[in-house]
Structures are given as C-alpha cells and as structure tokens.
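The values are calculated or read from the model by the stated rules, or taken from the named source; none is laboratory data. Predicted, not measured: the structure shown is a model, and the values here were computed from it. All Cβ positions, glycine included, derive from the backbone under ideal geometry; neighbour counts span all protein chains shown. The area values use the complete protein model at the heavy-atom level, side chains included, leaving out ligands, DNA and RNA. Shrake-Rupley method; radii C 1.70, N 1.55, O 1.52, S 1.80 Å.
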Amino acid sequence: MTTLFIVIGCIAGFNAIYLFFYIMDDIVSQIRKISKPKKQTADFAFWDDLDDLEDEPEKPEKPETFEIYDISSLTEDDDSMPELSPNALKSLRSYDVRRFIKEEMYWLKDYILDELSRFEMESLTLLFSSYIKYLIRTGQEEDKTFSTLREMLDSSDPYTTMEEADTVEEMIRSTIRHMPIKPDYYGEYLTYKATCENRPKVLESAKRILVAIDVNFDVFGMHKEEKKETTEYAEHV
C-alpha cells in the first residue's frame, strides 16, 4: 500500500507542475498581447476630399500648342546638289558625293551595273567617292572635272597589295602626310582596296561608266559649255 501511495503522489505532483507551467505560459502570452502597441488604423478622411473633387465641374483641357515654321520659301531649287554636267564637280559638296554618284552617275547605266554583284557595287561607289572627294578638297579649280577623274582611274593599278601603292595612292598620301587626322576619302580608298575581291573588274566598270558619261556630254553638246567656263575662269585668274 505504501508503494501505491508513493506512485499516486508522484503522478499528482507531476500534474500539478504541468498545470503550473501551462497557466504561467498562458499568463505570459496574455501579457505580451497587452504590451504590444496597437497598429494604427488607416485614415480614410481622404475619401471626403475625393467626394468634394467629384462634385467640382471638369475643367476643359488646354489644347497643345506647336511652333509653326514658315516653309513657303523652301522650294525644289534649294537642293544645291548639281545635276550631271562636265562642271558638276566644281560645285559638288563632299557630303553629297555618294548621293551624286548613285543618282546622277549611275543613272541609265544598268547595262554596266547589272554585271556587278552587290559587294562589287559598293566597292565601285567607294572608289568613285574617294577619288571625287580628293578632287573636291585638294584639286585646283580647273582639275575638278570628269576628265581628271578619268585620268586618275587610268593611272590606278588594280593589282597592288595593301603594302604597295600605285600612282594615285602615292599622290593622295603626299597631300595628307602632315594631316593629324586623315580625311575620310583616304579611309574609303583603303576600304575599297582591302575589301574589293575583284578590283580589275570594278576598275574597268568605273572607266566604262565615265566613257558613257562622256558620250552623253558629247550628245548634248555639254563639252562646249565646259570649254567656255574653263576659258572664263582662266581669264579671271
């Protein structure tokens, strides 16, 4: 009997301890809840302001204003790129060269251009552009002609390597030797020389185009005008 009472007493003691800790945990939890600061409730007072705004009449939107430029004075004559003529290179600007080549020099030359690939066409344009820009920027006034351009093509050697230089390249190098920044026409020439896979064909096509242009000048009697302007310039000098 004594052993039974001892067992029952131990069980009762453990239960008492368990109840004590359970009650204490509940008390601590309640204290923590009470000690936590209450979250601020949202202030919905702004809804009243929105109601007031809804009652106000809508204001008409102010139309946008734009600056107006007077273009009545701009006509087709303001395009200063010259048409194809024996003296066109004398008034041609550098930034119009590629456009002049494609719109004026290549016009009605399909029977020549059709023989070239797209890459050969670009090489041809680079060749013409570099030579024409060189004449425009460094040539004497009387040298800015298609005749001089044709002489440059005749003096060009399509078989030189990148390390070698023909007569025309030597002439270009001599004029830019002391320039701190090399002009774009020299870069175009080097690009043509490095990327053109068939320089003999491209050079021959360039000569054929100039021959066709020269024939057109003869047909329309334009060489007489060229001689007249050249004589007038020589007298003026």
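Taken as a whole, the structure leaves residue 192 outside the set of residues that are farther than 23 Å from residue 118 by Cβ and hydroxyl-bearing (Ser, Thr, Tyr).
Just one of the numbered conditions (1) open to solvent by less than 20 Å² (accessible area, probe 1.4 Å); (2) closer than 15 Å to residue 97 by Cβ is not true of residue 191: (1). Annotation note: Cβ proximity below 8 Å between a residue of the stretch 95-110 that is touching a residue at least 60 places away in the same chain (Cβ under 8 Å) and closer than 17 Å to residue 217 by Cα and a residue that is open to solvent by less than 90 Å² (accessible area, probe 1.4 Å) and in a loop (DSSP other than H, G, I, E, B) (sequence gap 6+ or interchain) occurs for 105/84. Scanning the stretch 143-178 for residues that are in a loop (DSSP other than H, G, I, E, B) and surrounded by fewer than 13 Cβ atoms within 10 Å (Cβ to Cβ) returns 159, 161, 162, 163, 164, 177, 178.
In summary, residue 207 fulfils each of the numbered conditions (1) open to solvent by less than 60 Å² (accessible area, probe 1.4 Å); (2) free of Cβ contacts under 8 Å to residues at least 12 places away in the same chain with the single exception of condition (2). Go through the residues of the stretch 187-195 one by one and say whether even a single one is more than 13 Å from residue 129 (Cα to Cα), in a helix (DSSP H, G or I) and touching a residue at least 60 places away in the same chain (Cβ under 8 Å). Checked the stretch 187-195: at least one residue is more than 13 Å from residue 129 (Cα to Cα), in a helix (DSSP H, G or I) and touching a residue at least 60 places away in the same chain (Cβ under 8 Å).
Here residue 218 fulfils each of the conditions (1) acidic (Asp, Glu); (2) farther than 22 Å from residue 102 by Cα; (3) without any contact (Cβ under 8 Å) to a residue 40 or more places away in the chain; (4) open to solvent by 40 Å² or more (accessible area, probe 1.4 Å) apart from (2).
For the stretch 194-204, filtered to residues that are surrounded by 16 or more Cβ atoms within 10 Å (Cβ to Cβ) and of a type in the set (D, E, K, R), the residue that is farthest from the chain's Cα centre (by Cα) is 201.
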